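Participant: Below: one structure in structure tokens.
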Amino acid sequence: MTDADLLQNYKKAYDNRIGYGRRPALLLVDFVQAYFEPGNALYADVDDALASALRIRKAAREKDIPVILTGMQLHKSGKDGGRFFQKARPLENFTIGNPMAAWPRGLGPEDDEFVVTKQYPSAFFGTSLAPLLTSLGIDNVIITGLTTSGCIRATCVDSMSHGFITTVVRDACGDRHSAPHEANLFDMNAKYADVVSEDEIIAHIAAL
């Protein structure tokens, strides 16, 4: 099956766009130093994704849209990471005190922004994110962050499963290889979220 055939095949079943809600929040998932540190096992060359997310964050803050940053933090033993820690050994970067778990240069939470700490791929699993969004009256979650094939996909599926209209910004997400990045954006757009460009989401925010 060619790429064109594949697209046509998917359009028979998955070619719907849900649009935006009335009250969005911006999520910046796991923009941490490990992904920006050359030589680190998690280095992913994703500076462009962070730059995009920062531009979207600026637009969101100008419209008083809530901004939420997530990061991983694990016990020094890694045991609170369970099977995830056992399987994905680079998670050692996110044990308490490891500088690779810090925010990279150019990113740090502002006083009025929220930080959600997680131990698993989804920003929703085992965290306060869903009740926080509900208490803020949020119906639309705008997702940016790292990595597309891992924590972004897991967060996207859980966002939809919790009943939030979910928007993934392709320019503001990154992965260490274009193939899993594009494949997961394709799949999320087909089934769980609208995948949009940075230009589109900034225009939408500006119009609110």
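Participant: Given a cut-off of under 8 Å on Cα pairs at least six residues apart, what relative contact order in percent is computed for the chain?
Facilitator: 27 percent
Participant: Another question, then. Considering only protein heavy atoms and a 1.4 Å probe, what is the carbon-and-sulfur percentage of the accessible area of the stretch 1-121?
Facilitator: That fraction is 48 percent.
Participant: Something else about it: Between L54 and K191, what length in nm is gained on full extension when 0.36 nm per residue of separation is reduced by their alpha carbon distance?
Facilitator: Additional length available on full extension: 46.6 nm.
Participant: Please list M100, M188 from largest to smallest accessible area, probe radius 1.4 Å, with all protein chains kept in place.
Facilitator: Reading off the accessible areas and sorting them downward yields M100, M188.
Participant: Another question, if that's okay. Estimate the FRET efficiency between K87 and R61 by the formula 1/(1 + (r/R0)^6), using the beta-carbon distance for r and 30 Å for R0, to the nearest 0.05.
Facilitator: Efficiency, from the Cβ-Cβ distance: 0.25.
Participant: Here's a follow-up. Could you please report the charge total around P38, scoring K, R as +1 and D, E as -1 over all other residues with beta-carbon less than 13 angstrom from its beta-carbon?
Facilitator: Around P38, the charge tally is -2.
Participant: Straight-line reach from K58: which aspartates and glutamates fall under 14 Å, measuring Cα to Cα and dropping same-chain residues less than 8 apart?
Facilitator: Hits, sequence-local ones excluded: E110, D112, E113, E198, D199.
Participant: Suppose all protein chains stay in the model; what accessible area per residue would a 1.4 Å probe give for the chain, in Å²?
Facilitator: I get 50 Å² per residue for this part.
Participant: Mind listing which GluC sites (Glu not before Pro) in the stretch 80-160 are in a DSSP loop and have 10 or fewer other Cβ atoms within 10 Å?
Facilitator: Hits after loop and neighbour filter: E110.
Participant: Find the lysine pairs in the stretch 61-123 meeting two conditions, Cα atoms under 18 Å apart and a separation of 8 or more places or different chains, and report how many there are.
Facilitator: Final tally of qualifying lysine pairs is 5.
Participant: With the full set of protein chains in place, find how many percent of the accessible area of the stretch 123-208 is carbon and sulfur; take the probe as 1.4 Å.
Facilitator: C and S fraction of accessible area: 56 percent.
Participant: Now for a separate question. R23 versus A206, label points 7 Å from Cα toward the beta carbon: distance in nm?
Facilitator: 2.6 nm
Participant: Simple spin-label model, 7 Å along Cα-to-Cβ: H75 to H162 in nm?
Facilitator: With each label placed 7 Å out from Cα toward Cβ, I get 2.5 nm.
Participant: Please give the calculated 222 nm ellipticity per residue for the chain, where each DSSP H segment of at least 4 residues contributes -39500 (n - 2.57) and the sum is spread over every residue; nearest 500 deg cm²/dmol?
Facilitator: It comes out at -10000 deg cm²/dmol, rounded to the nearest 500.
Participant: Let me ask something else. Provide the percentage of antiparallel DSSP beta bridges, counting only those with both residues in the chain; round to the nearest 5.
Facilitator: 0 percent
Participant: Could I ask something else about it? Which trypsin sites (Lys or Arg not before Pro) in the stretch 127-208 pass both tests, a DSSP loop state and at most 12 other beta-carbon atoms within 10 Å?
Facilitator: none
Participant: Taking all protein chains together and a probe of 1.4 Å, list D64, D112 from the most accessible to the least accessible.
Facilitator: From most accessible down to least: D64, D112.
The values are calculated or read from the model by the stated rules, or taken from the named source; none is laboratory data. Since this is a predicted model, take the numbers as computed values, not measurements. When we count neighbours, we look across all protein chains shown, and the Cβ atoms used for this are built from the backbone with ideal geometry, even at glycine. Protein only, heavy atoms only, side chains kept; ligands, DNA and RNA dropped before computing areas. Shrake-Rupley method; radii C 1.70, N 1.55, O 1.52, S 1.80 Å.
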